[in-house]
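Written out below as C-alpha cells is the structure these notes cover.
The values are calculated or read from the model by the stated rules, or taken from the named source; none is laboratory data. None of these values were measured; they are calculated from a predicted model. As a convention, Cβ positions derive from the backbone with ideal geometry for all residues, glycine included, and neighbour counts pool all protein chains shown. The area values use the complete protein model at the heavy-atom level, side chains included, leaving out ligands, DNA and RNA. Shrake-Rupley method; radii C 1.70, N 1.55, O 1.52, S 1.80 Å.
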Amino acid sequence: MRIKKTPVAQKKCQMLHQLSLICSEIDARRGEGGALQQPEVWPKTRDLADSCGESIYITRTLLLQLVAEGKVIKHSSLLLKSLRWYINKNNSA
C-alpha cells in the first residue's frame, strides 16, 4: 500500500527538486570538480521561492526543515542580507 504524501511533504519535495536543479546548473557553469561551490553563488531564498511559486517565508521554513533532515546545507551567515542554500550531495536520502 502506497503512503500518500502530505501537502507539506509535497512542497518539500518540490523545493528539494528545484534546489537540485539550480545547484546542478551552478556546478555545470563553474565546473564542479567535486568541491562545494563558494556560498556567494549558492541560490538565495528568493531564487527558490520564485522558482517554486511560494512566499519567501514558506520557502525559508521548508528549507530549514530540509536542513534539519540533512538534505540541504545552509550557509552559516547572511551574505548580502540573504540566506544561501545548497543541496547536500553527501546525503543518500
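A protection proxy built from the mean count of other Cβ atoms within 10 Å ranks the segments 45-57, 15-27, most packed first, as 15-27, 45-57. Extension gain for ALA28-CYS13 works out to 3.2 nm (0.36 nm per residue, less the C-alpha to C-alpha distance). The listed residues ARG30, ARG84 rank as ARG30, ARG84 when sorted by accessible area, largest first, using a 1.4 Å probe. Between amide H atoms placed 1.01 Å from N, distances below 5 Å from LEU83 occur with THR45, all of them 5 or more places distant or on a separate chain. Taking 7 Å steps out from each Cα toward its Cβ at LYS5 and SER55 produces label points 2.3 nm apart.
Run the reach check for LYS89 against lysines, Cα to Cα strictly under 25 Å, same-chain hits fewer than 8 apart removed. What comes back? Candidates past the 8-residue exclusion: LYS5, LYS11, LYS12, LYS44, LYS71, LYS74.
If you take the beta carbon distance between SER20 and LYS81 as r and set R0 to 41 Å, what does 1/(1 + (r/R0)^6) give as a FRET efficiency, to the nearest 0.05?
Working from the Cβ atoms, E equals 0.95.
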